[in-house]
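Encoded as C-alpha cells, the structure appears first; notes follow it.
The values are calculated or read from the model by the stated rules, or taken from the named source; none is laboratory data. As the structure is a prediction and not an experimental result, all values here were calculated from the model. With ideal geometry, Cβ positions are generated from the backbone for all residues, glycine too; neighbour counts draw on all protein chains shown. Surface areas here come from the heavy atoms of the whole protein model, side chains and all, with no ligands, DNA or RNA. Shrake-Rupley method; radii C 1.70, N 1.55, O 1.52, S 1.80 Å.
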Amino acid sequence: MMQRTRITFSTSGHGAMRDLTPEIREAVRASGIEAGVVHVFAVGSTAAVGTIEWEPGLAKDLPENLDRLIPPGRHYGHEQMWHDGNGHSHLQATLLGPSIAIPFERRELLLGQWQQVFHLECDVRPRQRTVIVTVMGE
Amino acid sequence: MMQRTRITFSTSGHGAMRDLTPEIREAVRASGIEAGVVHVFAVGSTAAVGTIEWEPGLAKDLPENLDRLIPPGRHYGHEQMWHDGNGHSHLQATLLGPSIAIPFERRELLLGQWQQVFHLECDVRPRQRTVIVTVMGE
Amino acid sequence: MMQRTRITFSTSGHGAMRDLTPEIREAVRASGIEAGVVHVFAVGSTAAVGTIEWEPGLAKDLPENLDRLIPPGRHYGHEQMWHDGNGHSHLQATLLGPSIAIPFERRELLLGQWQQVFHLECDVRPRQRTVIVTVMGE
C-alpha cells in the first residue's frame with residue numbers, strides 16, 4: 001500500500017527552518033497504513049530535509065554552520081555561469097540532501113523524543129516549496 | 001511484504017563506531033523476503049548511520065574529521081539554551097543523517113566488498129541506542 | 001510491485017560527476033509501475049549519489065568543495081593502514097552518502113526543474129561502477 005500527500009509552503013529565504021513533523025505525522029495517520037516507512041522529499045536543488053532536535057538554538061546553528069563550511073561568495077563555478085549568487089545554496093542543499101525516510105508503527109512515527117523532521121531553505125530569496133510525502137507499508 | 005526488527009546496543013560515547021552489517025544481513029535473511037530494499041534508521045538526534053569501509057583507520061578518521069568540521073565548543077546556540085555541551089553532536093548527526101537504505105537480492109545485501117553499514121555515536125556520553133531495520137520487498 | 005535495474009559505467013577518477021537522471025527516468029518508465037519511489041544506491045565505499053542542478057559550474061564546485069572540507073593527504077588513519085592514498089575519498093563518499101530515493105507519479109520523476117540525480121566518483125583512480133536502481137510502488 002502507498003499513499004502520497006504534498007506539503008506546500010513559502011519560506012523567508014536563506015537559512016529558514018521549518019518543522020515538518022506535524023504534517024508528516026498527520027499524513028501517516030490519514031493514510032490508513034498501520035506500519036511501514038514514510039519517505040520525505042524536498043523538490044528543488046536549493047532546499048534540504050533532515051532530522052534535528054527542534055529548538056531555537058539548533059535552528060540557528062544549522063544554517064550558520066553550513067554557511068561556515070560552504071560560505072556565500074562569488075567564487076563558485078555556478079556563479080560564473082549563472083550570476084544568481086546562490087552557489088553556496090546548491091552545495092549546502094546537496095550536502096544535506098533532499099531525501100529521508102522515517103519508520104512508523106501503529107500509525108505513529110518512530111522518531112526519538114527530541115528528533116523532528118525539518119526543511120531547510122538554502123536559497124538566497126523567499127521561495128514557494130513543495131515536499132512530497134510518500135507513506136508505504138501495510 | 002515488510003518485516004521489521006530493532007537493533008539495540010549501548011555506546012561508549014562521542015565517536016563510537018559500530019558495524020551494523022551483520023545484524024542487518026541477519027534481518028534480511030530472517031525476513032523471508034527474497035529481494036527488495038532494507039531501510040536503516042537511527043532513533044535520536046545525536047546519532048547517525050551510513051556506509052564506510054569497516055577498518056580501524058576510517059573508524060578513527062570519520063569522527064575526527066567531523067570534529068574538525070563541526071568542533072566541540074560552548075559557542076553553539078543549542079548550548080546557550082540547554083547547557084549540555086553537545087551542540088556539535090546534534091549538528092554532526094544531522095549532517096551525516098539518520099536514514100539509509102540498501103538493496104538486496106537472494107536475501108543478500110548488495111553492498112560493495114569493502115562497504116559496511118555503521119552507526120556513529122555523536123553524543124558526548126554513553127547512550128542506549130535503537131536502530132530500526134525495515135525489510136521491504138517481495 | 002518492485003522492479004530492479006543496474007546502471008554500470010566507468011569513471012575517469014576523483015571528482016568525476018555523472019548525470020544519472022536519464023537512466024533512472026528510463027528505469028521508472030520501463031518498470032510498468034505508475035507511482036511510487038525509486039531508490040538509487042551507489043555500490044562501493046568511495047562513490048556517492050545525490051541531487052544537484054546539472055550544469056558545468058556545480059559539477060566542478062561540488063568535488064572542489066569536498067576536497068576543501070576533506071582534503072587529500074597522507075595523514076588519515078586509513079592511509080596508515082592501507083597506503084592507497086584515498087582516505088579522503090572514503091570520508092567524502094560517507095559524508096555525501098550512497099543512498100537516495102526520489103518519488104514518481106504517472107511514470108515521471110517528481111524532481112524540481114533544475115534538480116538532477118548525480119553520481120560522484122570520490123576514488124583517486126578510474127573505476128568501474130554499479131548503481132542499483134529499485135523502482136517500488138503500484
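For this structure, a couple of remarks:
- Computed with every protein chain present, the accessible area of residue A:129 is close to 10 Å² [probe 1.4 Å].
- Within the shell of other residues whose beta carbon sits under 13 angstrom from the beta carbon of residue A:61, the net charge comes to -2, with Lys and Arg scored +1 and Asp and Glu -1.
- Principal axes of segment C:24-65: Cα extent on each, largest first, Å: 39, 25, 14
- Considered as an equivalent ellipsoid built on the Cα gyration tensor, segment A:75-127 has semi-axes of 34, 10, 8 Å, the largest given first.
- Building the convex hull from the alpha-carbon atoms of chain B and averaging its projection over directions returns 8.2 nm².
- Evaluated at q = 0.11, 0.13, 0.18, 0.20 Å⁻¹: base-10 log I(q)/I(0), Debye formula over Cα of segment A:9-87: -0.43, -0.57, -0.92, -1.04
- Using alpha-carbon coordinates, inclination of helix B:87-96 to the longest axis of chain B, degrees: 30 degrees
- Averaging 1/r over every pair of different alpha carbons in segment A:1-41 and inverting the result gives a Kirkwood radius of 11.9 Å.
- Alpha-carbon centroid distance for the pair segment A:28-93 / segment C:75-138, whole angstrom: 18 Å
- Residue-count net charge about residue C:9 - beta-carbon cut-off 13 Å; Lys, Arg +1, Asp, Glu -1: +1
- Per-q log10 I(q)/I(0), the protein assembly as shown, q = 0.12, 0.13 Å⁻¹ (Debye; single scatterer per alpha-carbon; no solvent): -0.91, -1.10
- With a 10 Å cut-off around each Cβ of B:30-36, the average count of Cβ atoms from other chains is 1.
- Mean residue ellipticity (222 nm) of chain C, computed from DSSP H runs ≥ 4 via -39,500 (n - 2.57), nearest 500: -9000 deg cm²/dmol
- Solvent-accessible area, 1.4 Å probe, carbon plus sulfur percent, for segment A:1-77: 51 percent
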